[in-house]
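Note sheet for the following structure.
The values are calculated or read from the model by the stated rules, or taken from the named source; none is laboratory data. None of the values given here were measured: they were computed from a predicted structure. Positions of Cβ are generated from backbone atoms using ideal geometry, with glycine treated the same way; all protein chains shown enter the neighbour counts.
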Amino acid sequence: MVAKSAPDGYTLLKSASGAIVIGPHLYKLSVDVARDLLPVAPTMLTTLLLVVRPSLPVHSLAELIAYARANPGKLSYGSSGIGSGLHIAGEMLAHEAKIKATHVPYKGAALAITDLLGDRVDFMFDTAPVIPHIKANKLRLLAVVRATRSRMFPDTPTMAEAGADVTVEFVQGVYAPAGTPREIVARLNREMGRVMQSAEVRAVLAGIGAEPVTASPEEFAALQQRERERFGAIVRKANIRVQ
């Protein structure tokens with residue numbers, strides 16, 4: 001709908017990055033996201049967290065990798081579905097650490113978390129929904145899946161620090177129909193950047209382990225293109241297909 005709307009700045013798309021950088025490699029879309037949608041402004045960075053069930057006898061990423069190697073094929077991890085960012089993070093870990101783990105796709109992350117809490121899967125990657133369970137000691141946090149440490153969990157290492165060079169940073173953002181005038185895009189970018197850096201918004205994001213992001217439309221477009229190419233390579237390497 002947004003791609004086919006008038007490029008006047010009044011119809012915009014707010015989207016998580018998965019639909020923009022992963023979706024095109026898995027689905028036959030009716031639009032070309034790189035051609036038909038114009039990146040306007042990033043809004044927030046959501047951090048993936050690697051968590052395990054507390055009954056699993058591991059307390060670090062290194063121990064998880066060692067356990068997987070000692071018990072080949074016995075570990076399983078949940079995700080919000082085939083081709084989701086959570087699934088791809090698991091594939092990246094398996095490839096980087098040279099381990100095997102069974103992927104269990106669910107219809108949404110909430111069901112995967114329920115089974116993780118119930119000891120029916122062993123680990124998973126997720127964002128804000130697992131934070132209350134980490135704080136309640138119902139899930140064990142092993143690493144953050146980003147380039148730098150999380151402000152919410154400053155004592156938790158990144159995946160790279162913990163021994164597996166896996167980085168997944170999902171930057172949500174706003175998009176306009178292709179052809180939207182440059183001056184309109186620039187105005188929207190300035191206003192969204194101002195809002196995202198406000199104290200009120202920063203406080204809300206901090207509560208869910210997210211951070212505001214600002215960048216020019218050109219910088220945001222370049223980021224999305226790099227991520228689209230990177231995730232496309234991962235999808236092909238792991239032979240991820242939507243049934």
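Brief remarks on what is shown
- Condition met for Glu161 (acidic (Asp, Glu) and modelled with pLDDT under 95): no
- Checking each residue in region 192-243 for being small (Gly, Ala, Ser) and free of Cβ contacts under 8 Å to residues at least 60 places away in the same chain picks out Ser198, Ala199, Ala203, Ala206, Gly207, Ser216, Ala222, Ala233.
- Leu116 being crowded, with 22+ Cβ neighbours inside 10 Å and out of contact with any Ser or Thr (no Cβ under 9 Å at 6 or more places or on another chain): yes
- Residues located in region 196-217, provided they are touching a helix residue (DSSP H, G or I) at 6+ places or on another chain (Cβ under 9 Å), small (Gly, Ala, Ser) and over 26 Å from Ala178 (Cβ atoms): Gly207, Gly209, Ala210
- Candidate set from region 57-101 (those that are touching a Pro at 6+ places or on another chain (Cβ under 6 Å) and more than 14 Å from Asp122 (Cα to Cα)); member that is surrounded by the fewest Cβ atoms within 10 Å (Cβ to Cβ): Ile82
- The set of residues from region 5-35 being in a loop (DSSP other than H, G, I, E, B) and either closer than 22 Å to Gly85 by Cβ or modelled with pLDDT under 95 (or both) comprises Ala16, Ser17, Ile22, Leu26, Tyr27, Lys28, Leu29, Ser30, Val31, Asp32.
- With a requirement of 2 or more residues that are crowded, with 17+ Cβ neighbours inside 10 Å and at negative phi, the helices (runs of 4 or more DSSP H) lying completely within region 162-241 that satisfy it span 182-196, 217-237.
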